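Data block below; observations after.
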Amino acid sequence: MRVHRNRHDRAFVVVPNAAVRHAGLSLAAVGLLVRLLSLPDGTPVSIERITDQVHEGRTAVSRAFRQLEAAGYLRRQRTQDPETGLWSTQSHISDLPMNHNPAVGSPGPRGVGDLPEGGKHQGKNLLPAVEPEPEAPEKPEEASTTEDQLTPAAAETGRAASLLARLGERDRRLTLGTADVLRLAPLAAEWLLDGHSPAKLLAVLTTRLPEQVDAPAALLSYRLTHHRPAKPEPQAVPAADTRARCQQCDAPFPAGVVHSLCKTCELETGREKAGPDDAAGLLATIRQRRASGTFAKGARSRFLSAAA
């Protein structure tokens with residue numbers, strides 16, 4: 001075997017040979033260690049997040065996490081917020097086992113993920129340094145933002161987050177934590193912005209589920225990304241009804257026909273103006289038009305009841 005090594009100036013990670021060749025770590029655990037060391041300090045890390053990014057399943061990733069923790073390269077620290085009372089887990093990753101006691105005279109420990117002292121290696125950070133944004137001038141306090149003032153994307157993201165948070169009520173296998181809801185909400189909001197209804201979104205996320213769902217966040221992330229249907233075509237606006245209408249009953253005339261009154265209203269108007277001698281003639285006209293289908297049944301009934 002011939003090894004070809006290249007010199008890198010930035011965006012690289014250094015891993016000791018002792019960690020890479022550790023006899024107690026599997027290849028998956030070594031790969032996980034290198035991946036975690038390549039991430040910048042402060043990156044949220046969990047079994048579900050790593051599973052979404054790699055080809056291995058949740059079981060293999062969870063086993064690799066346990067191996068790193070047993071070997072001392074990973075340490076998880078649970079803390080409770082004194083104000084809210086909520087518990088959180090902080091993961092610490094190191095390129096040396098953290099359960100190793102340094103010998104006398106060795107350099108003192110430093111925080112995991114901190115940069116070396118001095119400016120010599122500042123340009124060799126894991127990722128390009130982010131320049132701080134200029135401070136914006138202070139603005140007077142404004143009234144709290146209401147739903148009417150939210151942008152469409154922000155409003156749909158809120159609706160999507162509410163929908164995802166209630167998936168556990170529909171199927172307990174799809175229960176999500178707050179962090180997963182906030183991470184998946186922008187993906188679900190894209191469906192709503194495209195014009196898909198919340199009912200359709202629910203149908204795609206909750207139908208044809210496997211019998212056992214080990215990682216609901218990973219399953220929903222895959223469906224939101226790969227099962228997204230095409231954007232629906234906008235419905236055509238119906239053409240305005242420009243037909244002429246009867247001035248009395250507002251009934252439409254056939255296209256191209258313009259009259260002031262329809263035939264039914266003409267007969268009723270004629271019946272109101274006719275005297276007793278014209279009743280027989282009007283009845284004959286009604287029977288004739290009734291037989292030909294040009295006289296409404298309701299108009300004939302009204303006329304006969306009034307004549308009686």
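Bear in mind these aren't lab numbers, they're just calculated from the coordinates by the rules spelled out. All of these numbers come straight from a predicted model, not from anything done at the bench. Here the Cβ positions follow ideal geometry from the backbone for every residue, glycine too, while neighbour counts run over all protein chains shown.
I need the peptides 248-257, 75-84 ranked by packing, meaning the mean over residues of other C-beta atoms within 10 angstrom, with the highest value on top.
Highest mean packing first, the order is 248-257, 75-84.
Going by average Cβ density within 10 Å per residue, which order do the peptides 185-196, 41-52 take, highest to lowest?
185-196, 41-52
Per 0.36 nm of contour for each residue apart, how much would the distance between His8 and Arg78 grow if the chain were fully extended, relative to their Cα-Cα spacing?
The His8-Arg78 span can extend by a further 21.6 nm.
Label points 7 Å out from Cα along the Cβ direction at His55 and Ala240: separation in nm?
My value for the distance between the label points is 6.2 nm.
Per residue of the range 43-55, in order, report the coupling 6.51 cos²θ - 1.76 cosθ + 1.60 (Karplus, θ = phi - 60°) as ³J(HN,Hα) in whole Hz, putting x for Gly and Pro.
6, x, 10, 8, 4, 5, 5, 5, 4, 5, 9, 10, 7
With a sphere of radius 14 Å drawn around the Cβ of Val213, what net charge do the other residues whose Cβ falls strictly inside it have (Lys, Arg +1; Asp, Glu -1)?
With Lys, Arg at +1 and Asp, Glu at -1, the net is +1.
Which parts of the range 171-185 would a label at Leu86 reach, counting a residue when its backbone N lies under 17 Å from a point 7 Å out along Cα-to-Cβ?
What the label zone holds, given the 17 Å backbone N cut-off, is 176-185.
Separation between the Leu39 and Arg172 pseudo-spin-labels, each 7 Å from Cα along Cα→Cβ, expressed in nm?
3.0 nm
Along the Cα→Cβ direction, 7 angstrom out, place labels at Ser260 and Val213. What is the inter-label distance in nm?
Calculated label separation equals 7.0 nm.
Under 5 Å between amide hydrogens, which residues at least 5 positions from Arg245 or on another chain qualify, with H placed 1.01 Å from N in the peptide plane?
Long-range HN contacts for Arg245: Phe253.
Based on the Cβ-Cβ distance of Lys200 and Ala179, what FRET efficiency does E = 1/(1 + (r/R0)^6) give at R0 = 30 Å, to the nearest 0.05?
0.70
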